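A.B. asks: Handing you a structure now.
None of the figures in this text is laboratory data; all of them are computed from the coordinates on show. In this text, all values refer to a predicted model and were calculated from it rather than measured experimentally. Glycine also receives a Cβ, built like all others from the backbone with ideal geometry; neighbour counts cover every protein chain displayed.
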Amino acid sequence: MKKLLFLFFLPICLGFTKPKNQYLTRNGQVTFFSYASAENIKAENNEVLSILDLDEEKIALNILMRAFEFEKSLMQEHFNDSYIESDIFPRATFEGTILNFRPRLIGTQTKFIKGDFTLRGITKPLKIKADIDYSNNTYTITGETTIDIKDYKIKVPQILAAKIAKTVKISFNFKYEPYEK
Amino acid sequence: MIISASIIIGGILFFNYLNKNVPKTQSIESIEVFSAENITTDAEGLKKYDRYIEEAINIKGKLKEIKKDKEKHTLILSSKNETVTIICKMQKDQIKKINNLQIGKTITIKGIYKGYLIDMILLNCIII
């Protein structure tokens, strides 16, 4: 809950002090891919909220789990009801610091973002390699990482356990614009 | 013979069940109609709409912005509270209608409510 409040109030609080140094996207894209022997599982979420704070050199994400779109309705149902339990854990969050970040460097820089990822109420440290591009006063951050499903206690029925990969690949693409309240 | 036929029919039905696509919003009945102008709350107050999660709802409101990313279109409607918008990710078959929209005009969309972050989020939206 504290993390959620942080995400809600960070832009507001920072907005009063240094409005030019924070960037926001409400339409960040996160996709995940999991290999399964029967059929690969893929879903996309284009409504991810993210704040990039240049002063703090930090990034924060808030992901609404029900906003992941699947092609097959049964996969979507299983994802929300059985695996993620979206009613109980509606959001995933990430807060991290961009290491050795040069905020106003024009062009692309590849950096590590070190932080905490919370999914299903479980928080684990995560270090992600990302490309950060700055041009025309917008930032684009792209990259990918993998997470281990057992770290977040995602329950896979025993009958399917051998057919579903133990890791999930997560890709992201965020296009930030200056946040002006 | 009857057993074989039953197995085949059962197999087909099960296969269809497993491979059923997400239904089009046109085929789902809306359970509530809202006016965006009456959504006055801040993000914290959006919790009261949780009972509509995964339901189809209609929202009438002023079109603030149209976002396009490849074939994906998102409409943003304004609410009474400036910090809260209604984000409507559009169904793919709505492109023609979207091309005729004008910013500032009042439109009604139907979509599946998914919850909120600092905005209300609806997916599979159609213009009605």
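A.B. asks: Hey, can you rank A:60-67, A:136-143, B:54-61 by average C-beta count inside 10 Å, highest first?
C.D. replies: My ranking of the peptides, most packed first, is A:60-67, B:54-61, A:136-143.
A.B. asks: Explain nothing, just compute: Karplus ³J(HN,Hα) = 6.51 cos²θ - 1.76 cosθ + 1.60, θ = phi - 60°, for every residue of region B:54-71 in order, whole Hz, x for Gly and Pro.
C.D. replies: After applying 6.51 cos²θ - 1.76 cosθ + 1.60, I find 6, 9, 7, 9, 9, 10, 9, x, 7, 6, 8, 7, 10, 10, 10, 9, 6, 8 Hz.
A.B. asks: Continuing with the same structure: Would you kindly calculate the translational diffusion coefficient of region B:27-127, applying Stokes-Einstein with the Kirkwood radius from alpha carbon pairs, for 10 °C and a viscosity of 1.306 mPa s, and quote it in µm² s⁻¹ without decimals?
C.D. replies: Diffusion coefficient, whole number: 119 µm²/s.
A.B. asks: Taking the convex hull of the alpha carbon atoms in chain A, what volume per residue do you get, in Å³?
C.D. replies: So the per-residue Cα hull volume is 113 Å³.
A.B. asks: At a temperature of 25 °C and a viscosity of 0.890 mPa s, determine how fast the protein assembly as shown diffuses translationally according to Stokes-Einstein, using the Kirkwood radius over alpha-carbon pairs as Rh; express D in µm²/s, rounded to the nearest whole number.
C.D. replies: Estimated via Stokes-Einstein, D reaches 118 µm²/s.
A.B. asks: Something else: Please report the antiparallel percentage of DSSP beta bridges with both residues in region B:27-127, rounded to the nearest 5.
C.D. replies: Given both bridge residues lie in region B:27-127, the antiparallel proportion sits at roughly 75 percent.
A.B. asks: Over region B:27-127, calculate the relative contact order: mean separation of alpha carbon pairs under 8 Å at least 6 apart, over the residue count, as a percent.
C.D. replies: Value for region B:27-127: 31 percent.
A.B. asks: Something else now. Using the Karplus curve 6.51 cos²θ - 1.76 cosθ + 1.60 with θ = phi - 60°, what ³J(HN,Hα) values do you get for each residue of region A:132-143, in whole Hz, with x for Gly and Pro?
C.D. replies: Values per residue, Gly and Pro as x: 10, 10, 10, 7, 6, 6, 10, 10, 10, 10, 10, x Hz.
A.B. asks: Across the residues of A:58-67, average count of Cβ atoms on other protein chains within 10 Å?
C.D. replies: 3
A.B. asks: With θ set to phi - 60° and the Karplus curve 6.51 cos²θ - 1.76 cosθ + 1.60, what are the ³J(HN,Hα) couplings of region A:43-58 in order, to the nearest whole Hz, using x for Gly and Pro?
C.D. replies: Karplus-based 3J(HN,Hα) across region A:43-58 equals 8, 9, 10, 10, 10, 7, 8, 8, 10, 10, 10, 5, 5, 8, 6, 10 Hz.
A.B. asks: Continuing with this model, one more query. Quick one: B:CYS125, B:CYS88, fewest Cβ neighbours within 10 Å first, how do they rank?
C.D. replies: Least crowded to most crowded, the residues run B:CYS125, B:CYS88.
A.B. asks: Report, as an integer, the average count of C-beta atoms from other chains found within 10 Å of each Cβ along A:46-54.
C.D. replies: 3
A.B. asks: Can you give the angle from 0 to 90° between the axis of helix A:2-17 and the longest principal axis of chain A, with both taken from C-alpha atoms, to the nearest 10?
C.D. replies: Helix A:2-17 sits roughly 20 degrees off the main axis of chain A.
A.B. asks: How shielded is B:116-123 by partner chains, expressed as the average number of their Cβ atoms within 10 Å of its Cβ atoms?
C.D. replies: 6
A.B. asks: Let me ask something else about it. Counting only helical runs of four or more DSSP H residues, what would the 222 nm mean residue ellipticity of chain A come to if each run contributes -39,500 (n - 2.57) and the total is spread over all its residues?
C.D. replies: -4000 deg cm²/dmol, from helical runs alone.
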